[in-house]
Amino acid sequence: MKSILDNRPALAVEVNRVAEVAGYLWQKGWAERNGGNITVNITEHVDDVIRNLPAISEVKQIGAILPHLKGCYFYCKGTNMRMRDLARFPMENGSVIRILDDCASYVIIADAPVRPTSELPSHLSVHNYLIGKGSPYKASLHTHPIELIALTHGKKFLEKDVATNLLWSMIPETKAFCPRGLGIIPYQLPGSVEMAEATIQELADYDVVMWEKHGVFAVDCDIMQAFDQVDVLNKSAQIYISAKNMGFEPEGMSQEQMKEMTVAFNLPK
Ligand code: 2HA
Ligand code: ZN
């Protein structure tokens with residue numbers, strides 16, 4: 001079957017990265033059934049041939065007006081599709097969409113008319129925000145990491161930066177590779193406009209935000225980097241839980257050791 005990825009190596013790299021990450025999400029147990037979603041802004045890889053491709057769906061409303069997305073193109077995981085299937089067949093379990101000139105609607109253009117993720121409004125609102133502030137970030141990831149979600153069932157971890165400081169102190173790498181920490185968003189209905197708005201607000205200060213009792217939303221330059229940030233945070237949560245399971249409260253790195261790290265790695269806070 002013909003694919004939009006044929007003879008477009010740079011675009012294929014981007015989509016294959018999504019497939020690789022989708023496989024990791026499934027292997028880690030973070031993507032039960034159709035859990036999680038991924039969108040990537042691929043506009044920089046779009047040529048005139050793609051710009052002239054006809055729509056293969058009717059015009060669909062986004063549900064929001066997103067002025068910075070005019071003429072943008074996104075790869076989106078399909079709604080109800082499974083990460084474990086996307087890992088093998090990314091263009092059968094996801095599709096490429098074009099945002100139309102009204103900035104409020106889109107069409108699917110390739111490869112098949114696979115309807116995008118149920119969280120499309122929040123993903124696209126986030127991309128609109130990122131472009132608006134001149135961010136180099138192109139990828140957004142929503143997934144269900146077990147140990148991080150478990151933390152959010154404890155009230156104290158929902159206070160500002162309590163989880164961030166705990167997770168940073170479990171292993172030096174976490175602060176180095178997730179330097180902005182973990183934002184917290186109180187429970188909201190999945191897919192709601194309120195949750196999209198709260199997510200954008202938290203993304204001003206964090207690259208990874210936690211939807212209480214649901215999952216994480218992460219952004220970065222590409223999908224692998226977004227995944228890596230979540231992975232280091234969840235690793236720290238696993239270390240914390242392992243120590244608790246051995247019957248003691250983990251000591252954590254000292255404030256001095258953390259400060260030393262921050263200076264040595266030139267970290268923001
Ligand atoms: O797309 O995880 O929150 C499935 C979800 C929605
Ligand atoms: Zn979810």
Unmet requirement for residue 3, which otherwise passes all of (1) in contact with an Asp or Glu (Cβ under 8 Å, 6 or more places away or on another chain); (2) part of a helix (DSSP H, G or I): (2)
Looking at 219, 208, 230, which one is touching a Phe, Trp or Tyr at 6+ places or on another chain (Cβ under 6 Å) and within 16 Å of ligand 2 (Cβ to nearest atom)? 219
Report whether or not residue 120 is at pLDDT 95 or above and not small (Gly, Ala, Ser). no
Residue 13 in a strand (DSSP E or B), of a type outside the set (Ser, Thr, Tyr) and either within 16 Å of ligand 1 (Cβ to nearest atom) or open to solvent by 50 Å² or more (accessible area, probe 1.4 Å) (or both): no
Matching residues, the range 123-151, being open to solvent by less than 10 Å² (accessible area, probe 1.4 Å), assigned to a helix (DSSP H, G or I) and within 15 Å of ligand 2 (Cβ to nearest atom): 123, 126, 148
Which residues, taken from the range 188-238, are assigned to a loop (DSSP other than H, G, I, E, B), closer than 22 Å to residue 131 by Cα and modelled with pLDDT of 95 or more? 204, 205, 206, 207, 221, 222
Here the residues within the range 206-226 that are away from ligand 1 (no atom under 14 Å from the Cβ) and open to solvent by 10 Å² or more (accessible area, probe 1.4 Å) are 220, 221, 222, 224, 225
From the list 22, 31, exactly one residue is under 20 Å from residue 122 (Cα atoms), touching a His at 6+ places or on another chain (Cβ under 9 Å) and within 16 Å of ligand 1 (Cβ to nearest atom). Which is it? 31
Tell me whether the range 174-186 contains one or more residues that are in a helix (DSSP H, G or I), open to solvent by 10 Å² or more (accessible area, probe 1.4 Å), aliphatic (A, V, I, L, M) and out of contact with any Phe, Trp or Tyr (no Cβ under 7 Å at 6 or more places or on another chain). no
With respect to the numbered conditions (1) hydroxyl-bearing (Ser, Thr, Tyr); (2) over 21 Å from the mean Cα position of the chain (by Cα); (3) within 13 Å of ligand 1 (Cβ to nearest atom), which one is the sole condition not fulfilled by residue 79? (2)
Of all residues in the range 250-264, which are surrounded by 13 or more Cβ atoms within 10 Å (Cβ to Cβ) and under 21 Å from residue 206 (Cα atoms)? 258, 261, 262
Would a scan of the range 150-164 turn up a residue that is within 16 Å of ligand 1 (Cβ to nearest atom), touching a Leu at 6+ places or on another chain (Cβ under 6 Å) and of a type outside the set (Phe, Trp, Tyr)? no
In the range 82-113, how many are surrounded by 24 or more Cβ atoms within 10 Å (Cβ to Cβ) and outside any strand (DSSP E or B)? 3
Return the pair list, or none, for Cβ contacts closer than 8 Å from residues in the range 201-229 that are touching a residue at least 60 places away in the same chain (Cβ under 8 Å) and at positive phi to residues that are within 15 Å of ligand 2 (Cβ to nearest atom) and open to solvent by 40 Å² or more (accessible area, probe 1.4 Å), at least 6 apart or on different chains. 213/187
Residue in the range 45-79 that is nearest to ligand 2 (Cβ to nearest atom), counting only those that are open to solvent by 40 Å² or more (accessible area, probe 1.4 Å) and in contact (Cβ under 8 Å) with a residue 60 or more places away in the chain: 63
Report yes if residue 127 is closer than 25 Å to residue 107 by Cα, within 16 Å of ligand 1 (Cβ to nearest atom) and of a type outside the set (Ser, Thr, Tyr), otherwise no. no
Tell me yes or no: at least one residue of the range 32-39 is within 16 Å of ligand 2 (Cβ to nearest atom) and open to solvent by 50 Å² or more (accessible area, probe 1.4 Å). yes
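The values are calculated or read from the model by the stated rules, or taken from the named source; none is laboratory data. No experiment lies behind these values; they were computed from the predicted model shown. Counting neighbours? That spans all protein chains shown, and the Cβs are built from the backbone with ideal geometry, glycine included. Side chains included, ligands, DNA and RNA excluded: accessible areas come from the protein's heavy atoms. Shrake-Rupley method; radii C 1.70, N 1.55, O 1.52, S 1.80 Å.
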